[in-house]
Amino acid sequence: MFFFTVDERIVSSVHYRRYRGVQIRSHQRTPSGSRDFKEATKRDALARLAVELERLAGAAPDARRPQLERDFEGFKKLFSRFLAEVRVPAHFYGLPEGEPLPQEEWLDAPMPLFINEGPSVSWDKIEKLPEGAVMDYTSLTTPTTENLHHMLDKLVVVKLNGGLGTSMGCKGPKSVIQVRNELTFLDLTVQQIEHLNKTYKCNVPLVLMNSFNTDEDTQRVIRKYRGLKLEIHTFNQSCHPRLNRESLLPLARTADVHADIEAWYPPGHGDFYEAFNNSGLLEKFIAEGRTYCFISNIDNLGATVDLNILNLLMTPDPARAPPEFVMEVTDKTRADVKGGTLIQYEDKLRLLEIAQVPKEHVDDFKSVSQFKFFNTNNLWARLDAIRRVVERGSLNMEIIVNHKHLADGLNVIQLETAVGAAMKCFEGGLGVNVPRSRFLPVKKTSDLLLVMSNLYGLAHGSLVMSPQRMFPSTPLVKLGDNHFAKVKEFLSRFATVPDLLELDHLTVSGDVTFGRGVSLKGTVIIIANHGDRIDIPSGAVLENKIVSGNLRILDH
């Protein structure tokens with residue numbers, strides 16, 4: 001018999017069968033040391049989860065059941081690894097480590113599966129990056145035109161398209177938000193690849209990894225591209241159940257995802273490798289003779305196919321094996337201190353995220369001088385190597401425990417992984433230090449202001465920084481959440497997008513609007529106090545100015 005929490009009650013395995021209406025074979029065990037007890041509680045947690053997943057899959061329609069069972073197999077692996085990080089401290093029971101827990105006390109003992117979100121690296125084991133671990137982009141050679149056709153025919157472009165635009169107040173997939181000249185993220189991506197195919201007479205396919213949140217809308221949108229010289233494929237990442245944080249049991253009562261959408265989630269882009277393999281597309285592209293895939297976020301407008309990096313992969317240094325995995329990194333600034341970075345750890349390159357850093361070393365991690373690069377999430381991976389690590393089961397990415405607080409007050413957790421964390425699972429990992437222009441994500445309306453402005457021009461779907469910009473760095477823009485966070489309201493506050501060519505820094509807070517033809521230069525701070533409104537007049541030129549709540553304009 002085993003014991004665990006359900007809705008904050010302590011119940012036995014017998015009560016559990018009555019509570020859920022299912023049968024489960026309990027672990028028969030005798031009193032043992034606290035370590036054995038910890039392991040037993042973890043086994044029980046996995047057994048309970050397996051019963052729930054089996055029930056959900058069994059209730060699914062026949063057509064949906066095979067896919068759901070595949071997703072659940074992946075989730076059980078993820079959950080097992082999550083449990084390996086869980087701790088049940090002996091002192092919770094008032095016992096020193098190693099003392100047995102009397103069996104008669106089990107009934108009164110909850111199962112405190114505390115989530116261990118501590119560091120997954122030992123700080124003193126981090127090594128200095130070896131010579132050549134990160135190549136400078138300027139050292140790469142440009143391929144000759146006659147070779148490009150053959151190189152591009154060995155490439156697959158993958159866009160991670162699982163996210164919604166809800167954080168910016170938009171409905172549907174984020175990829176269909178208009179970002180420039182009434183063109184969406186997806187429009188720009190399609191233009192880029194179609195231009196490649198036409199220019200070099202090749203056939204680079206576009207693959208979209210959707211989620212259950214974005215697939216239906218995306219399928220409708222891509223119909224308009226049918227007449228273009230472009231092969232578009234889609235597949236869905238897995239669908240995983242959210243877990244009640246107290247009981248570690250799925251919220252879902254039915255396999256109908258859209259009927260109970262709050263109970264399900266897409267498990268982060270680290271799911272790409274297994275989902276890509278399960279879709280059959282990986283095997284298809286390998287059979288066609290394709291060698292590499294280029295993976296990036298759909299909302300990173302700088303993540304275009306780079307011919308110099310492609311040349312590096314297709315014509316490698318004869319002194320070293322071709323890299324199986326390449327991560328594009330760029331110089332870290334003070335705005336990027338929380339971004340993942342590359343480290344050498346246990347003789348391999350790997351991604352280090354802030355969640356893995358011991359608390360006493362967080363400031364070291366944020367230091368621009370100690371960790372010079374951060375991950376752009378533009379990745380290049382060999383297709384045959386992806387197949388190998390998936391088939392061998394050697395993917396071992398750090399688990400991200402994402403806490404959510406639902407509208408009904410329930411606390412849940414999502415178990416996720418990041419696509420770049422797989423780097424350590426491949427051979428011959430390599431970093432390439434690329435220009436900042438390859439990292440133009442649009443996560444907030446402050447990013448949207450930049451890409452809509454005269455800082456950039458548009459060429460065949462690619463954003464190109466204006467030659468009139470005197471320096472290559474992008475301005476730092478901070479727009480207040482209360483008035484600018486949602487796209488619709490953000491757009492209503494600008495009669496036209498201001499001239500940002502000479503801007504270094506912009507902070508706007510409060511009820512502020514901009515007239516036509518406004519020019520912002522240097523550092524500009526505009527703060528409307530609560531109850532005040534500031535209207536920047538048409539034609540205004542603000543250079544190194546602070547504009548306060550009563551419209552006083554001060555030199556900065």
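How many Lys pairs in segment 445-548 lie less than 22 angstrom apart by Cα atoms, where the lysines are 8 or more positions apart or on different chains?
Qualifying lysine pairs in segment 445-548: 5.
Tell me, what HN-Hα J-couplings in whole Hz come from the Karplus equation 6.51 cos²θ - 1.76 cosθ + 1.60 at θ = phi - 60° for each residue of segment 419-431, using x for Gly and Pro?
In residue order, the calculated couplings are 4, x, 5, 6, 3, 5, 8, 9, 9, x, x, 8, x Hz.
Check which residues have an amide H placed less than 5 Å from residue 378's amide H, if you skip close sequence neighbours.
Amide H to amide H, under 5 Å and 5 or more residues apart or across chains, residue 378 pairs with 328.
Go through 470, 397, 452 and list them by solvent-accessible area, largest first, probe radius 1.4 Å.
470, 452, 397
Using protein chains only and a probe of 1.4 angstrom, how many square angstrom of residue 193 are accessible, to the nearest 10?
The accessible area comes out at roughly 10 Å².
5 Å is the cut-off here: which amide hydrogens, built 1.01 Å from N in the peptide plane, fall below it relative to residue 427, excluding neighbours closer than 5 in sequence?
324
Please list 3J(HN,Hα) in residue order for segment 353-363, calculated via the Karplus relation 6.51 cos²θ - 1.76 cosθ + 1.60 where θ = phi - 60°; whole Hz, with x for glycine and proline.
Per-residue couplings from phi come out as 9, 4, 5, 8, 8, x, 3, 6, 10, 4, 5 Hz.
What accessible surface, in Å², does a 1.4 Å probe find on residue 223, ignoring ligands, DNA and RNA and rounding to the nearest 10?
130
Working with all protein chains in place, sort 330, 304, 166 by solvent-accessible area computed with a 1.4 Å probe, largest first.
Largest accessible area first, the list is 166, 304, 330.
So for 509, 211, what's the accessible-area order with a 1.4 Å probe, most first?
Correct descending sequence by accessible area is 509, 211.
Measure off 7 Å from each Cα along the Cα-to-Cβ vector at residue 408 and residue 513, then give the distance between these two points in nanometres to one decimal.
4.2
Explain nothing, just compute: Karplus ³J(HN,Hα) = 6.51 cos²θ - 1.76 cosθ + 1.60, θ = phi - 60°, for every residue of segment 171-179 in order, whole Hz, x for Gly and Pro.
Going residue by residue, I get 9, x, x, 4, 5, 9, 6, 6, 10 Hz, with x marking Gly and Pro.
How high is the relative contact order of segment 123-438, in percent, with contacts defined as C-alpha pairs under 8 Å that are six or more residues apart?
So the answer I get is 24 percent.
Under a crude label model (7 Å from the Cα following the beta-carbon direction), how far is residue 80 from residue 253 in nanometres?
Spacing of the two 7 Å Cα→Cβ label points: 3.1 nm.
Which order, highest average first, do 60-73, 417-430 follow once you tally other Cβ atoms within 10 Å for each residue and take the mean per peptide?
Ranked from most to least packed, the peptides come out as 417-430, 60-73.
Just for segment 123-438, what percent of DSSP beta bridges are antiparallel, to the closest 5?
Taking every DSSP beta bridge within segment 123-438, about 55 percent pair in antiparallel fashion.
Could you rank the peptides 151-161, 524-534 by their average count of other C-beta atoms within 10 Å per residue, with the highest value first?
Per-residue Cβ counts within 10 Å, averaged per peptide and sorted highest first, yield 151-161, 524-534.
The values are calculated or read from the model by the stated rules, or taken from the named source; none is laboratory data. All values reported here derive from a predicted model rather than from experimental measurement. As a convention, Cβ positions derive from the backbone with ideal geometry for all residues, glycine included, and neighbour counts pool all protein chains shown. Areas reflect the complete protein model, heavy atoms only, side chains present, ligands, DNA and RNA absent. Shrake-Rupley method; radii C 1.70, N 1.55, O 1.52, S 1.80 Å.
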